Amino acid sequence: MSGHVRAVQRALAILKAFSLENPQLSCSELSRKLKIHPSTIHRLLLTMEKEKIIDRLENGKYALGLKVFELGCIAAAQRELVKVARPYLEELHRISGETVNLVIMDGTEAIYLDKCENPMSMVQYARIGKRIPLYCSAVGKALLTGFHQEDLQRALNSIKIIPHTPNTIIDVGKLMEAVQMAKINGYAIDNEEVELGIKCIGAPVKRESGHVIAAISICGPVSRLSGGRFFELVHQVKTTAEKVSNRMGYCSLNALSL
């Protein structure tokens, strides 16, 4: 086992050593509890303190840091989001007959949190836990609508843009235009940019502050997401995203009428 992996395991062991019964522990107490040499514990604590995972208290003991609380809140919010969104995803799946996805952003990628899948689905890349680039997916562009212009340009410049199909937009300027149009229209499109033959429509989900926290999409064959039906599905996706946003505390003029 490599030293790096062992260090990670030991850092996780330190985190798990804290409890409601023992919210504060000293270096020596952690050493005895975990049977790890005090110097090793001390080095790990210094690194964890620097990353705000551990706090050093005035009494010389240590406690879980603000970053742990923040990560816990994120995990809880994700579970709450899935719980809130699930019935609306099922409703959208029922009325559209297409595969419906719920995703969140993680760095420069989107992660699928939940989905209602058409058993005849042609979409191969979308499964729960799967990551997908922001720049070429409908859900990714919908998530990017939450960025201010300068932040958006910085984010896109930091991404390694790879053409997945001939339709993938690889020019940063054109990507920014696509995101801006998505922000204006309230929905984004993946026009065979990830997989040939597959089209997706995505809309952002917002929390009470108005920040984009997730995106909902419909994916299916181009033949079924074209013509007049395309605009019908756009309306359904936007309405679903607005309903979930409303349940997450966001209130828009449209949400008031839902």
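Working only within region 56-67, note down all residues that are touching a Lys or Arg at 6+ places or on another chain (Cβ under 9 Å) and either open to solvent by 80 Å² or more (accessible area, probe 1.4 Å) or part of a helix (DSSP H, G or I) (or both). Of everything in region 56-67, those that are touching a Lys or Arg at 6+ places or on another chain (Cβ under 9 Å) and either open to solvent by 80 Å² or more (accessible area, probe 1.4 Å) or part of a helix (DSSP H, G or I) (or both) turn out to be Leu66, Lys67.
Scanning region 1-39 for residues that are in contact with a helix residue (DSSP H, G or I) (Cβ under 7 Å, 6 or more places away or on another chain) and not hydrophobic (A, V, I, L, M, F, W, C) yields Arg10, Ser28, Ser31, Lys33, His37, Pro38. Residue-level analysis places Pro23 outside the set of residues that are on the phi < 0 side of the Ramachandran plot and in contact with a Ser or Thr (Cβ under 6 Å, 6 or more places away or on another chain). Each residue in region 68-95 was checked for being open to solvent by less than 30 Å² (accessible area, probe 1.4 Å) and at pLDDT 95 or above, and 2 of them qualify. Of the residues Glu208, Glu232, Glu195, which single one is out of contact with any helix residue (DSSP H, G or I) (no Cβ under 8 Å at 6 or more places or on another chain) and either of a type in the set (Phe, Trp, Tyr) or under 20 Å from Glu109 (Cβ atoms) (or both)? On inspection, the qualifying residue turns out to be Glu195.
Can you confirm whether Thr145 is of a type in the set (Val, Ile, Thr) and within 22 Å of Glu90 (Cα to Cα)? Spelling it out, it is not the case that Thr145 is of a type in the set (Val, Ile, Thr) and within 22 Å of Glu90 (Cα to Cα).
Only one of the numbered conditions (1) without any contact (Cβ under 8 Å) to a residue 60 or more places away in the chain; (2) more than 25 Å from Arg79 (Cβ to Cβ) is not met by Ile198, and that is (1).
Once region 1-55 is narrowed to residues that are among the hydroxyl-bearing types (Ser, Thr, Tyr) and part of a loop (DSSP other than H, G, I, E, B), the residue that is farthest from Gly65 (Cα to Cα) is Ser2.
The condition of being at negative phi, at pLDDT below 90 and surrounded by 14 or more Cβ atoms within 10 Å (Cβ to Cβ) holds for only one of Thr108, Thr40, Thr99, that being Thr108. Of all the criteria given as (1) out of contact with any helix residue (DSSP H, G or I) (no Cβ under 6 Å at 6 or more places or on another chain); (2) polar (S, T, N, Q); (3) in contact (Cβ under 8 Å) with a residue 12 or more places away in the chain, the one not satisfied by Thr145 is (1).
The values are calculated or read from the model by the stated rules, or taken from the named source; none is laboratory data. Note that the structure is predicted; figures quoted are calculated from it, not measured. Positions of Cβ are backbone-derived with ideal geometry, glycine not excepted, and every protein chain shown enters the neighbour counts. Ligands, DNA and RNA are stripped out before the accessible areas are found, and what is left, the full protein with its side chains, is counted by its heavy atoms. Shrake-Rupley method; radii C 1.70, N 1.55, O 1.52, S 1.80 Å.
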